[in-house]
Amino acid sequence: MKPAPFKYIAATSLEQALSLKAESGDDAKFLAGGQSLVPTMNFRLARPAILIDINRIEGLAAIRPRDGGGACVGALARYRTLERDSGLKAMFPLIAEALPHIAHPQIRNRGTIGGNLSHADPASELPAIAVALGARFHIQAAKRERWLDASDFFVGALTTDLQPDEMLVEVELPLPKPRAGACFTELARRRGDFAIVGVAAMVTLGERDECTHARLTLCGVGETPVDASSATDVLAGRALTEETVRDVAASVQTLIDPNGSVHATADYQRHIAGVLTERALQTAYQRACNGY
């Protein structure tokens, strides 16, 4: 199929791109990697009157150190760039573990972190990872800018807090705490498919290997990434045991409300969410103990 007619503009600066978006609002779409937008245009599910190509904008793909530790990742940074950045992978093993699950190498060569997060597919891995890491998003319009926590950015399936004249320009990733272990795992029909259920876990330990902090987020089981960190409250001040991990998994199963699909019933998704939660927490705990 072919998209509906549209006007194409290759922006050469962020100011030009934001000015065009301010003039056109919802009638215009930003084109980055195009891995989500172009298929929806071909099926005529999206019919933008104007396509603003932002690939030529200098600096939007930069990865730079964050004040206070961590990293700031430009919205045009491609998955493949993130995979090959050894410094980023060392700081954020959760990202490194999740990236190979995203689609296929051909998609990762073109897909961008900003495009993925702005598309806000609830089955996608990166939104859940961003919430688990406590990421903050730098959002700009022609005459204003703001910062928003990842947990407040996603408001529904394929829906974010972005206003019609705004662009996500950068993702700020704070450095994980010392003695933190992380794990991402998912179940999909085939390698590269969207997750039926995905789980991201982070566990931080104290001097006696007791849990001092834990984060737990899921993808594929709700309209947005599901922050199930409240289920880990029972771990505070305790070492992880099979019993406590099972308790967390059972709590997660009651917290989520999956919709089910042609590939998995809601009950099956709930069961798998419990299984993967146990695996992710146990793995994250062992990695924290081993300094991985």
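The values are calculated or read from the model by the stated rules, or taken from the named source; none is laboratory data. Only a predicted model underlies this, so the values are computations on that prediction, with no experimental measurement involved. Don't worry about glycine lacking a Cβ; one is built from the backbone with ideal geometry, like all the others, and counts go over all protein chains shown.
Inspect all residues belonging to region 214-222 and state whether any of them is outside the structural domain of Asp161 (by TED's automatic domain parsing), at negative phi and in contact with a Gly (Cβ under 7 Å, 6 or more places away or on another chain). Looking for residues that are outside the structural domain of Asp161 (by TED's automatic domain parsing), at negative phi and in contact with a Gly (Cβ under 7 Å, 6 or more places away or on another chain), one finds at least one in region 214-222, hence yes. With respect to (1) under 27 Å from Ile196 (Cα atoms); (2) in contact with a Lys or Arg (Cβ under 9 Å, 6 or more places away or on another chain); (3) surrounded by 18 or more Cβ atoms within 10 Å (Cβ to Cβ), the lone exception for Asn109 is condition (3). In the condition set (1) over 23 Å from His104 (Cα atoms); (2) in contact (Cβ under 8 Å) with a residue 24 or more places away in the chain, Ala77 is compliant with all but (1). Kindly provide the set of residues from region 39-63 that are aromatic (Phe, Trp, Tyr) and either on the phi > 0 side of the Ramachandran plot or touching a Cys at 6+ places or on another chain (Cβ under 7 Å) (or both), ordered by number. Across region 39-63, there are no qualifying residues. Among the residues examined, Ala90 does not qualify as more than 13 Å from the chain's Cα centre (by Cα), in the same structural domain as Glu125 (by TED's automatic domain parsing) and not in a helix (DSSP H, G or I).
The condition of being closer than 18 Å to His119 by Cβ, of a type in the set (A, V, I, L, M, F, W, C) and either assigned by TED's automatic domain parsing to the domain that holds Met91 or modelled with pLDDT of 95 or more (or both) holds for only one of Val199, Val203, Val169, that being Val169.
Quick grid of which residues meet (1) in a helix (DSSP H, G or I); (2) farther than 26 Å from Tyr292 by Cα:
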{"position": "Lys29", "(1), (2)": "no, yes"}
{"position": "Pro39", "(1), (2)": "yes, yes"}
{"position": "Leu45", "(1), (2)": "no, yes"}
{"position": "Asp67", "(1), (2)": "no, no"}
{"position": "Leu76", "(1), (2)": "no, yes"}
{"position": "Glu83", "(1), (2)": "yes, no"}
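Could you look through region 224-256, keep only residues that are small (Gly, Ala, Ser) and either touching a Gly at 6+ places or on another chain (Cβ under 8 Å) or at positive phi (or both), and pick out the one that is surrounded by the most Cβ atoms within 10 Å (Cβ to Cβ)?
Residues of region 224-256 that are small (Gly, Ala, Ser), as a first pass: 228-231, 236-237, 239, 249-251.
Cutting the leftovers down to either touching a Gly at 6+ places or on another chain (Cβ under 8 Å) or at positive phi (or both) gives us 237, 249-250.
Working: Gly237: 10, Ala249: 22, Ala250: 14.
The selected residue is Ala249.
Tally time: how many residues in region 52-80 are of a type in the set (D, E, K, R) and closer than 16 Å to Pro93 by Cα? Spell out the reasoning first.
If we filter region 52-80 for residues that are of a type in the set (D, E, K, R), which is where we start, we get 53, 56, 58, 64, 66-67, 78, 80.
Within this subset, residues satisfying the condition of being closer than 16 Å to Pro93 by Cα are 80.
Of the residues in region 52-80, 1 are of a type in the set (D, E, K, R) and closer than 16 Å to Pro93 by Cα.
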